[in-house]
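For reference, the structure discussed in these notes is given below.
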Amino acid sequence: MMWGAYSHLVSLVFLLFSALGFILFSLVSMSLSSSYVIEWELFSLNSSSVVVTLIYDWVSFLFLGVVLFISSTVMYYSGDYMSGDKSYSRFMYLVFGFVLSMGALIISPNLISILLGWDGLGLISYVLVIYYQNEKSANAGMLTVLSNRIGDVGILLSISLFFMLGGWNFIFYESYLSGNFLLLKILVCVAAMTKSAQIPFSAWLPAAMAAPIPVSALVHSSTLVTAGVYILIRFSGALSGSCVQSVLLIVSCLTMFMAGLGANFEFDLKKIIALSTLSQLGVMVSILSLGFADLAFFHLLTHALFKALLFMCAGMVIHSVKECQDICNMGSLVTCMPLTSVCMNLANLALCGMPFLAGFYSKDLILEVAFMSEVNIFSFFLYVLSTGLTVCYTFRLIYYSMSSLSNMSSVMIVSENHSKMLKGMMTLSVGAVTSGCVLAWVVFPEFYMICLSVPLKILALLVSSLGALLGYIVNMVGSSTSLKTVKFYSYTMFVSSMWFMPILSTFSAPRWSLSSAESFFKIGDKGWSEYFGGEGGFGEVMKGSIYLQLSQDNMIMVYMKGFFIWIIVVFFIFI
Amino acid sequence: MLKFLVFNLVLMGFVSNWSLIQVGLSMMCFMGLLMMNHDFCSFCLGYMMSVDYLSYILIVLSVWIVMLMVFSSTVVKKMGNFCVGFLSVNLILLMVLVLTFSSVNYLMFYISFESSLVPMLVLILGWGYQPERIQAGIYMLFYTLFASLPLLVSLLSLYKSEGSLNMGLLLSGVIGYQGTSLLWYFCSVLAFMVKLPLFMFHLWLPKAHVEAPVAGSMVLAGVLLKLGGYGLIRILGVFSEVNKMFCWVWVSLGILGGVIVSLMCLRQVDMKSLIAYSSVAHMGLVLSGLVVMGGWGLNGAVVVMVGHGLCSSGLFCLANMVYERLGSRSLMISKGLLNVMPNMGLWWFLLVAGNMAAPPTLNLMGEISLIISVVSWSKLIMFSVGMLSFFSACYTLYMYSLSQHGLFLNALFSCCSGKVVEYFVLLMHSVPLNIMIVKGSLILCDL
């Protein structure tokens, strides 16, 4: 169909106007402090109603607006990126279906109706990750969907525990959940942890980079992985004061640290960005576990914008260097691709928390609030170290891809004459620059009172600049430098392979289940069940009938013996 | 009920005309769906038959599935493979099923329950593909009969002790805890456990499904397994006192058996065998919800029965479409189908999503209700139920990804990407599955 080829334009127009509309509604809703809740009853049984609830308050409008804005630019961008692909229209339909699922998740404050978005996200992201038909994508997709499925099961079980309250609208029952619903909170937190790839479910996020770049830009930067954070934001009233918070804090700080450390040793461009997403997710969940859900929401929004921009620039770069994703083979892109480098640097610096870009407002505020609250020294050090590591790998990336001498092959044509991709990136870079300040002044007008001592105040800045210097200079190695990473290879291996989580997620657990499945099948179903069922019964009946057959063989011996025994019996009975 | 039975009998007079039977069955579906939004506890009364919420839902399901059976067996028509006999067998099966679901007397129910085995056996033996179908037919017949003959004895002794076998009169825990209650209870429920099938008695199901033609698989997965569930719902009311003592046996076997069977699914190479084992897992959950004897469990069981009937039947249609083109059910051969049949990929995905209880399918609605009822019985079972849900996603996506994605068989040059009748059949399976949740009260039974 002709219009299938123009679906990027259609989605741009539709989604962009919807996004602007939603942001407008969010401002209206915020100023009027109003929210609309619509319910549709699916069925009602024994006085519990299963309803589909839709909530339209400023949080959902703003999140919807940002998600639709990002997806409109990403779909326009994929008009150029996926232009030569045979199943282009299938791709666009899938991405659109994904956006719809995310919308369904955002506006559902009901645990059962959130499953429409939650399960839809998991399944559609699976189909998008396995879009390229090779084995790496297949394995990555399976890991993604099964990690997400653990979260789905968590939500299903928490639905069964929520039954005790008589309804599933968690937005109304938040205040009733404090106290005895520990298992419920644990299950919801596990679900959020799988979706947002916290430890021990982090293996899927770097693996899911086998998906096409528009998918990574939309799914793995701003929508799928933020679903977990979003559900924790909605549940934050229930989580306050429970011991789940401390576990979440430790886990998320560890995730933050592990991802930041791992990104410093990674050479695949997309994996570096994936690990940086993972690190920022850890930041979001950690500040949420300290009780500041609105700061987590703020960072969620700004991070979505500049991370999507970063992915799109990375896609432009990868497209131009002929699909080689290894940053060792890039360099001096700032001379060949100036506009892309500008956008990429904007995104990178926003990520680092460069003052007055988008990330500064959210990340710096988060750090200062975290330093002010009662954290243990372990989390404090992890915060500080992760901030430094973030800047470290960012500047490492800048060095390798943009500012170093060219490591590309000698016959390379690098250009950026894909207008749609550029336009998409420029639109998002406006967001990456301005969204921080706009959100800070519009959404969070009452500032947090920050009272810190001078060393703590400048700690973030100090650690960032240290990390920048380290990241830039340490990676200026020539071919004859003896690398310490090779000397201490086992430690490097531990750190760079995400603390062995991919190996644990893909080799150990599936191996157990597959081998036990084989023994259940071969020894159970084809063995003992048959012995006590059909085949065994058949064998016994056959054995029995052989005895019966013996008596019908017409042997004189049998008749004579029978006669003889009968005579003896008669003899003993009657005499 | 005469409107269904007489219509069926008249249709049997026109079996020489395939398209007339197709149209006639569609009309019967329409007739059935007209009264779906009813509000009667018990209606269509007369001649030892009556219909209430539960029966009506299952009758509509039977007519729907039999209609889709005829539409998806176009290969029988094309090969001229005893078309008249095929249609007669299907219509006799439909009549027997309508009689089973609408009977008021337990003995009438038993006789129709057993009679449904005969057309099924004829279908497997007559239109199956492989020599192993003889063993499959024997297994199905003997497993079911071995368990249901004690049911006959128990029903007759029920008649002797109570004086009537009317379902309406006996549904009140009439058998207290007497001397022979244990034996009585086990004799009665074991027949339906084998039919469902429960984990230890499930060996007949993969065999029967694999060897049956597509029509046989569809009706077996779609309706005949639900006979077991329906019978359980009717008979557990009589034995409710004894059931309370033994529900732990059935819940454990159902859920843990479901987990074991889901694990076994991961190792299957035969598509139909995989779908058959997944039926066992789903029905295990249904059984657990039923024996817990709660309102949520009953309704969840009915919803999962309807949803699973539509979904498994649709998956068997898809497996048959692949078999007709590639000649093999093995996942090692029929893989990478997205390259040769791209439009079928959508239908594969929709039905596969239904199998793993993704929203907005009926399976999700039922599975949520069943999980609620089972967890309310014991929180410890959350672990096994979680594993059941998780592994259902595992094997379903294993089947989807292996059959659809990746490289296709080198020996496959091209194949038809999908005929209109095939799309029709798949549409008729997935649209009810996905849409009915919006008015979920249509499928609930208010017993």
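As a ratio to 2.2 N^0.38 Å, the alpha-carbon radius of gyration computed for the stretch B:320-447 takes the value 1.27. Per-residue ellipticity at 222 nm from helix content only, as computed over chain A with -39500 (n - 2.57) for each DSSP H run of at least four residues, stands at -21500 deg cm²/dmol.
Under the rule a/c < 1.5 gives rounded, and otherwise a/b versus b/c splits prolate from oblate, where does the stretch A:18-95 land using the Cα gyration tensor?
oblate
Ordered by 1.4 Å accessible area with all protein chains kept, A:Y400, B:Y56 run largest first as A:Y400, B:Y56. Here the convex hull built on the C-alpha positions of the stretch A:202-341 has a volume of 96 cubic angstrom per residue. Shown are B:S16, A:S404, A:S89, whose ranking by accessible area with a 1.4 Å probe and every protein chain present, most to least, is B:S16, A:S89, A:S404.
Rule-of-thumb check for the stretch A:294-344: C-alpha Rg over 2.2 N^0.38 Å?
Values: Rg = 13.6 Å, N = 51, 2.2 N^0.38 = 9.8 Å.
Working it through for the stretch A:294-344, the quotient is 1.39.
Based on the Kirkwood approach, the hydrodynamic radius assigned to the protein assembly as shown is 31.1 Å, with every pair of different Cα atoms included. Rolling a 1.4 Å probe across all protein chains gives A:S35 an accessible area of roughly 70 Å².
Angle, helix B:362-377 long axis vs. longest principal axis of chain B, Cα atoms, 0 to 90°, nearest 10? Approximately 40 degrees, to the nearest ten. Each principal axis of the Cα atoms in the stretch B:258-333 has its own extent, and those three values, largest first, are 46, 24, 9 angstrom. Relative intensity of the stretch A:14-58 on a log10 scale, I(q)/I(0) at q = 0.24, 0.26, 0.32 Å⁻¹, equals -0.81, -0.86, -1.01, per a Debye sum over C-alpha point scatterers of equal strength in the absence of solvent. Sorting the segments B:407-413, A:268-274 by their residues' average number of neighbouring beta-carbon atoms within 10 angstrom, most packed first, yields A:268-274, B:407-413.
The accessible area of A:F172, taken with all protein chains in place and a 1.4 Å probe, comes to roughly 110 Å². Distances between every pair of Cα atoms in the stretch A:160-211, grouped in 10 Å steps from 0 to the bin holding the largest one, split as 21, 40, 22, 15, 2 percent.
Computed over the stretch A:265-328, the P(r) curve from all C-alpha pair distances, binned at 10 Å from the origin, holds 21, 41, 24, 12, 1 percent per bin.
Each Lys and Arg adds +1 at its Cβ and each Asp and Glu adds -1 at its Cβ; summed about the Cα centre, the protein assembly as shown shows a dipole of about 1200 debye. Modelled this way, with points 7 Å down the Cα-to-C-beta line, the labels at B:S378 and B:K439 are 4.0 nm from one another. Summarised in one figure, the compactness ratio Rg/Rh of the stretch A:434-488, Cα atoms and Kirkwood Rh, is 1.27. Within the listed set B:V249, B:V352, B:V219, the residue fluctuating most in the Gaussian network model of chain B (springs between alpha-carbon atoms under 10 angstrom) is B:V249. Taking a ≥ b ≥ c as the square roots of the eigenvalues of the alpha carbon gyration tensor, the stretch A:489-543 is prolate, as a/c is not under 1.5 and a/b beats b/c.
Under Stokes-Einstein, with the Kirkwood radius over Cα pairs standing in for Rh, what whole-number D in µm²/s applies to the stretch B:164-286 at 10 °C and 1.306 mPa s?
103 µm²/s
On C-alpha positions alone, give me the angle between the axis of helix B:117-127 and the longest principal axis of chain B, in degrees, nearest 10. Helix B:117-127 and the main axis of chain B meet at about 10 degrees. When its C-alpha radius of gyration is set against 2.2 N^0.38 Å (N residues), chain A gives a value of 1.25.
Using only the alpha carbons of the stretch A:39-134, what is the convex hull's orientation-averaged projected area in square nanometres?
Values: hull surface 30.4 nm².
Result: 7.6 nm².
Look at where the Cα atoms of the stretch A:131-192 and of the stretch B:211-258 average out, and the two centres are 29 Å apart.
Computed from the mean reciprocal separation of all distinct C-alpha pairs, what Kirkwood hydrodynamic radius does chain B have, in Å?
For chain B, inverting the mean 1/r across all distinct Cα pairs yields 21.8 Å.
Here is the size of the stretch B:362-429 from its Cα atoms: Rg then Dmax, 18.7, 55 Å.
Kirkwood hydrodynamic radius of the stretch A:501-575, from the reciprocal of the average inverse Cα-Cα distance over all distinct pairs: 17.6 Å. For chain B, the longest principal axis of the Cα atoms and the long axis of helix B:295-326 meet at an angle of about 30 degrees. Working value for the stretch B:38-95: equivalent-ellipsoid semi-axes of 31, 13, 5 Å, each the square root of 5 times a Cα gyration tensor eigenvalue, largest first. Note on A:L452 and B:F424: with the Förster distance fixed at 56 Å, the Cβ-Cβ geometry gives a FRET efficiency of about 0.20.
If R0 is 60 Å, the Cβ-Cβ spacing of B:V118 and A:S410 corresponds to a FRET efficiency of close to 0.15. Here the stretch A:420-558 is assigned +1 on the Cβ of each Lys and Arg and -1 on the Cβ of each Asp and Glu. Its dipole about the Cα centre then comes out at about 1040 debye.
Only protein heavy atoms count here; under a 1.4 Å probe, A:V127 has an accessible surface of about 10 Å².
Shown here are the Rg and Dmax of the Cα trace of the stretch B:1-78, at 13.8, 45 Å. Along the positive direction of the dipole of the protein assembly as shown (beta-carbon charges: Lys, Arg +1; Asp, Glu -1; about the Cα centre), which of A:L456, A:Y400, A:L24 reaches farthest? Looking along the dipole axis, the top candidate is A:Y400. Note on the stretch A:372-481: Rg/Rh from C-alpha atoms, Kirkwood Rh, equals 1.09.
Eigen-decomposition of the gyration tensor built on the alpha-carbon atoms of the stretch A:205-273 gives equivalent ellipsoid semi-axes of 27, 17, 6 angstrom, largest listed first.
Any chance you could tell me what percent of the C-alpha pair distances in the stretch A:420-550 go past 18 Å? When all Cα pairs of the stretch A:420-550 are counted, 83 percent exceed 18 Å.
The values are calculated or read from the model by the stated rules, or taken from the named source; none is laboratory data. Since we're looking at a predicted model, the values are computed, not measured. Here Cβ is always computed from backbone atoms with ideal geometry, including for glycine, and neighbour counts include all displayed protein chains. Just so you know, the surface numbers come from the protein's heavy atoms only, side chains and all, with ligands and any DNA or RNA stripped out. Shrake-Rupley method; radii C 1.70, N 1.55, O 1.52, S 1.80 Å.
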